[in-house]
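Asks: Please see the structure below; I have some questions.
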Amino acid sequence: MRLMHRRALANLILRLCLLLLIAGAATLVHAGGPADLEDLRKRADAAKPEDQATLFTDLARRENELADTLLNNGNGGEGMAYLEESVNDAIKAGAASVQSHHRQKETEIAIRKMISRMKETQHIVSYDDAQVMAQGINRLEKVRTELLASMFAKDKK
């Protein structure tokens, strides 16, 4: 009898932990929603160029993750809108990083990860959306090239 109570209690505790884990994951997915992204965008627009690289990189990463989640859940229209915003913000991050010569390595790494995520997601969207994604990937590859060229440019004396 006692063993049955222990098993029932262990089962209940396991279910509660699983429920808390699911609730926590749902909170993380919804964290960084549109209001948070708009606040971050306003801060990035108003920041100094050396700070813009970090802020726009963070904004682009969050938008890219949100777009990936939306696209994987079948919400193509909203996902593509966030994806296009993430590409535009990553371009701003790259430009700010090249201009200020701050956080170039981190910006390049973040853009490379965004490109990788976009390539993984590209096969689940419609043909037209895949073409838009391919254009975004090409734009991000150009930004990466500019960042790498700036990072490894030989100083003129």
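Asks: Cβ-Cβ under 6 Å, sequence separation 6+ or interchain: first residue in region 50-64 and under 12 Å from residue 94 (Cα atoms), partner charged (D, E, K, R). Which pairs?
Replies: These pairs meet every condition: 53/103; 54/103; 55/43; 56/89; 56/92; 60/89.
Asks: Out of all the residues in region 125-139, which are closer than 15 Å to residue 75 by Cα and polar (S, T, N, Q)?
Replies: The answer is 126, and nothing else.
Asks: Exactly one of (1) at pLDDT 95 or above; (2) of a type in the set (Asp, Glu); (3) surrounded by fewer than 18 Cβ atoms within 10 Å (Cβ to Cβ) is unmet by residue 78. Its number?
Replies: Answer for residue 78: the failing condition is (1).
Asks: Taking region 81-106 on its own, how many of its residues are surrounded by 24 or more Cβ atoms within 10 Å (Cβ to Cβ) and within 22 Å of residue 124 (Cα to Cα)?
Replies: Our first condition is that a residue be surrounded by 24 or more Cβ atoms within 10 Å (Cβ to Cβ); within region 81-106, this holds for 83, 86-87, 89-90, 93-94, 96-97.
Filter again for within 22 Å of residue 124 (Cα to Cα), leaving 83, 86-87.
Residues in region 81-106 being surrounded by 24 or more Cβ atoms within 10 Å (Cβ to Cβ) and within 22 Å of residue 124 (Cα to Cα): 3 in total.
Asks: Out of the residues in region 111-157 that are in a helix (DSSP H, G or I), touching a residue at least 24 places away in the same chain (Cβ under 8 Å) and small (Gly, Ala, Ser), which is surrounded by the fewest Cβ atoms within 10 Å (Cβ to Cβ)?
Replies: Checked region 111-157; the qualifying residue surrounded by the fewest Cβ atoms within 10 Å (Cβ to Cβ) is 150.
Asks: Would you mind telling me which numbered condition in (1) in a helix (DSSP H, G or I); (2) at positive phi residue 64 fails?
Replies: (2)
Asks: Looking only at residues in region 32-73 that are small (Gly, Ala, Ser) and over 23 Å from residue 126 (Cα atoms), which one is surrounded by the most Cβ atoms within 10 Å (Cβ to Cβ)? Outline the logic, then answer.
Replies: Taking region 32-73 and keeping what is small (Gly, Ala, Ser), we get 32-33, 35, 44, 46-47, 53, 60, 67.
Those left that are additionally over 23 Å from residue 126 (Cα atoms): 32-33, 35, 44, 46-47, 53.
Numbers: 32: 17, 33: 11, 35: 8, 44: 22, 46: 10, 47: 15, 53: 29.
Checked region 32-73; the qualifying residue surrounded by the most Cβ atoms within 10 Å (Cβ to Cβ) is 53.
The values are calculated or read from the model by the stated rules, or taken from the named source; none is laboratory data. All values derive from a computational prediction rather than experimental measurement. Note: ideal-geometry Cβ built from the backbone for every residue, glycine included; neighbour counts use all protein chains shown.
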